[in-house]
Each structure stands twice: as C-alpha cells, then as structure tokens.
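I have placed the structure first, in the form of structure tokens, so that the comments after it can refer back to it.
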Amino acid sequence: MIRIGIILGSTRPNRKGSQVAQWVLDTASRRGDAEFELVDLRDHPLPHLDEPAPPMFGPSIHDHTHAWAERIAPFDGFVLVTPEYNGGAPGVLKNAIDHLFAEWTDKAVGFVSYGVHGGARAVVQLRTVCGTLGMADVGYQVAISVLTDFENHTTFAPRDHHVDALTKTLDQLLAWSAALAPLRAGAETALVEP
Ligand SMILES: Cc1cc2nc3c(=O)[nH]c(=O)nc-3n(C[C@H](O)[C@H](O)[C@H](O)COP(=O)(O)O)c2cc1C
C-alpha cells in the first residue's frame, strides 16, 4: 500500500498547524486506499544544516540526519502542511527538506497551507524547492484561512470546500505516488550513473 507522510511544518508553541495537520490525517485516513502518518518536525529537531557534504552527494555523518532520513525514506509521497511566514515557507521546514536528497526524489508531494491569505506564497516557494529535488508536485492544493477557518482565532473549523480540495489533492497525490514507483525502484542506479 502507498505510504504518505503528512509533514507538519510549524514547530512554534501555540501553533495552529497541529489542528490543520490532524484534520488532514483524519480526513485522509478515512479513505482506506493508502497509509497516512503524521510527521511532526518537533520530533526531529535538526540544527541548521551541519553536514559537511551536500546531501545529494553524501554520505551524511550526523545521527540526527540519519534519524530524519530513516523517517522519510519509507514514504512514497508527502503532504506538506505549511504556514506562511513573512511571505514564504517556515525556515524549520526548509531546513528539514535541505537535510536530505535521495529520500525526496521521485516522490509526489501535495500542499495544505494556511495563513491570512491561505498561505499560498509559502506553497509557491515550496513547489520550486520540491521540484529542484525531483519531486512531482500535484496541481490541487488546500489553502486554509487563519481568519475564517478558525473559530475565535483558535479552534479549527474548516469550511466545506476545503474537504473537496483535500480530496482532489490526495487523489492526485496517490496516483502520482504510485506512478513514480518504477523510478524509485531504479533510483540508486540513477544516482551513481547520472
Ligand atoms: C513569523 C511569522 C510571520 C508571519 N507571516 C505571515 C505572512 O507572511 N502571511 C500570512 O498569511 N500570515 C503570516 N503569519 C501569521 C500566520 O499565518 C499565523 O500566525 C499562523 O497561525 C502560523 O502558523 P502556526 O501557528 O502553525 O505556526 C506569520 C506568523 C509568524 C509567526
């Protein structure tokens, strides 16, 4: 069965992201056509990238990078749940992405963002980052408003159309995750024989 990691891109105290990511996990898990797991960056505290070799050339030397790689490698695709900070993606999420290379390549990725304007600018950045890593970013996305999708600015209450957007995002994510499986099977060869 296809395995999808739902990566929560905020580690901030009082983060709204945990409610959004839990909604993604709950909604996705009801589908029954793939396995979904929450990946909380709080469980993988990484320093600013401190590997002597670029991850695309490796090998990595630090235990925290090995642990992060072992967490990410088994997944076939990802949902990045991201807030928008100052018009872009959070540094903690970009840093977590930058720590690895092969673990991302030839996998599909979809986006659930949130912010005053739905967090769309963070997704624009992340699409570029993920594309550079050889990931297939699906076209559908979910854009949650922190103004109108949270009651009293605290309790997540997504409007109905977000469920439809999430369903379409996951449909495409699962299809592409499966379609890329042959490339992942040959990934080791591709890395040594460019
Ligand atoms: C450092 C910082 C910068 C922010 N910049 C933006 C922004 O550019 N656009 C936006 O829509 N919201 C912005 N916000 C508001 C966030 O959308 C809101 O605080 C959201 O809850 C952040 O996600 P989190 O609570 O999961 O960390 C910013 C928040 C923080 C903490």
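The values are calculated or read from the model by the stated rules, or taken from the named source; none is laboratory data. Remember, predicted model here, so these are calculated numbers, not experimental data. A quick note on method: Cβ atoms are made from the backbone with ideal geometry, for glycine too, and the neighbour counts reach across all protein chains shown. These area figures cover heavy atoms from the full protein model, side chains too; ligands, DNA and RNA do not enter into them. Shrake-Rupley method; radii C 1.70, N 1.55, O 1.52, S 1.80 Å.
Details
- Spacing of the two label points (7 Å from each Cα toward its C-beta) at Asn86 and Ala73, in nm: 3.5 nm
- Residues in region 73-109 that a label on Ala181 would reach, taking backbone N under 17 Å of a point 7 Å out along Cα→Cβ: 74-78, 106-109
- In plain terms, the chain from His161 to Ile61 could stretch by 31.5 nm, reckoned as 0.36 nm per residue minus the Cα-Cα distance.
- Inter-probe distance in nm under a simple model that places probes 7 Å from Cα toward Cβ, at Asp40 and Glu151: 2.3 nm
- Antiparallel DSSP beta bridges within the chain, percent to nearest 5: 10 percent
- Each part gets one Cα centre, and for region 133-164 versus region 165-186 those centres are 20 Å apart.
- Hydrodynamic radius (Kirkwood) for the chain, which is based on Cα pairs only, to one decimal in Å: 16.9 Å
- Percent accessible area from carbon and sulfur atoms, the chain, protein chains only, probe 1.4 Å: 56 percent
- Given R0 = 45 Å, the distance between the Cβ atoms of Ser29 and Ala53 translates into a calculated FRET efficiency of 0.75.
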